[in-house]
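The structure appears right after this line, and notes come after that.
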Amino acid sequence: MTRESDPSKAFLANSQSEFSRNGFEPCLGGKLREKAVWVDESACIGCRYCAHVATNTFVIESDLGRSRAVRQDGDSSERIQEAIDTCPVDCIHWVQFEELADLRLQLDQLDLHPLGTLPRVPKRLKPRKKNQ
């Protein structure tokens with residue numbers, strides 16, 4: 001048995017090694033990229049332009065009516081850039097893969113209301129009585 005094919009080497013590997021996402025993970029599939037696409041949903045106006053241009057990358061989130069990037073490898077970089085360029089409020093950006101978790105955490109801390117609906121009021125206000 002040669003030294004390179006010795007299966008006992010697998011037991012010497014450290015399973016607790018430090019792991020950080022870099023965009024080259026096999027779970028991303030498709031063409032590997034160095035950057036990720038991010039939609040700042042707090043600035044999104046729900047125009048749907050990006051979802052019409054890069055249909056495999058962007059969807060309109062059903063509860064809030066805002067765009068969201070759901071697949072990093074859904075469309076070509078050129079197609080995603082075209083979607084970024086069509087955004088009227090410039091809320092889509094290329095970011096590092098390492099930034100995605102922090103950006104998601106920041107977004108989750110915001111109190112976003114669904115687009116096209118009025119915010120919910122905690123209690124119903126009674127109309128004023130007319131003076132007679």
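The values are calculated or read from the model by the stated rules, or taken from the named source; none is laboratory data. Predicted model, so just to flag it, every value in this text is computed and none were measured. Because the Cβ atoms are built from the backbone with ideal geometry, glycine has one as well, and the counts that use them run over all protein chains shown.
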**Asked** Quick one: which of Thr2, Thr55 is modelled with pLDDT of 90 or more and assigned to a loop (DSSP other than H, G, I, E, B)?
**Response** Thr55
**The listed residue being charged (D, E, K, R) and under 13 Å from the mean Cα position of the chain (by Cα), out of Asp63, Asp40, Asp90, Asp75** = Asp40
**Message:** Quick check on Val37: is it modelled with pLDDT of 85 or more and part of a loop (DSSP other than H, G, I, E, B)?
**Reply:** no
**Message:** What are the pairs with Cβ atoms under 7 angstrom where one residue, in the stretch 89-115, is in contact (Cβ under 8 Å) with a residue 40 or more places away in the chain and the other, located anywhere, is assigned to a helix (DSSP H, G or I)? Sequence gap at least six, or different chains.
**Reply:** Ile92/Cys50; Ile92/Ala83; Ile92/Ile84; Val95/Leu103
**Prompt:** In the stretch 63-85, which residue that is assigned to a helix (DSSP H, G or I) and among the charged types (D, E, K, R) is surrounded by the fewest Cβ atoms within 10 Å (Cβ to Cβ)?
**Reply:** Glu78
**Asked** On the given criteria, is Glu18 surrounded by fewer than 11 Cβ atoms within 10 Å (Cβ to Cβ) and either modelled with pLDDT of 85 or more or in contact with a Phe, Trp or Tyr (Cβ under 7 Å, 6 or more places away or on another chain) (or both)?
**Response** no
